[in-house]
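Inspection log for the structure reproduced underneath, given as structure tokens.
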Amino acid sequence: MSAKDKLSVCVVGSGNWGSAIAKIVGANVMKHNNKFNTRVPMYVYEEIINNQKLTSIINELHENIKYLPGHKLPENVVCILKITFTR
């Protein structure tokens with residue numbers, strides 16, 4: 001299957017539920033990379049936590065320290081600020 005024919009998944013929201021789903025989806029698209037694009041954009045409403053942007057924290061540590069602390073997100077889950085940039 002060519003890259004353009006693969007399915008894409010995006011997670012809208014990064015709270016408790018969104019982060020938990022992103023963790024599951026990120027792992028599953030890696031297992032089924034023959035059918036899915038492996039990059040999983042996760043829309044994040046920007047917040048400042050400990051003087052850092054939440055998007056930067058999640059993208060660097062692969063953990064949502066505010067809404068799902070102690071749970072690592074797969075490296076293929078990438079924070080985005082605009083839903084239009086999901087592809």
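Just so it is clear, none of the values below were taken in a lab; they were calculated from the coordinates. Given the structure is predicted, the values throughout are model-derived calculations rather than measurements. Virtual Cβ from ideal backbone geometry, glycine too; neighbours counted across all protein chains shown.
Filter the cross-link list 4/82; 4/53; 6/66 down to pairs whose alpha-carbon distance in this structure exceeds 28 Å. Beyond 28 Å between Cα atoms: 4/53; 6/66. The alpha carbon convex hull volume per residue for the chain rounds to 77 Å³. Largest GNM mean-square fluctuation across 15, 70, 26, computed for the chain with C-alpha springs under 10 Å, falls on 70. Sparsely packed loop sites in region 39-87 (the chymotrypsin sites (Phe, Trp or Tyr not before Pro) outside DSSP H, G, I, E and B with at most 12 other Cβ atoms within 10 Å) comprise 45. The angle between the Cα long axis of helix 16-31 and the longest principal axis of the Cα atoms of the chain comes to about 30 degrees, rounded to the nearest 10.
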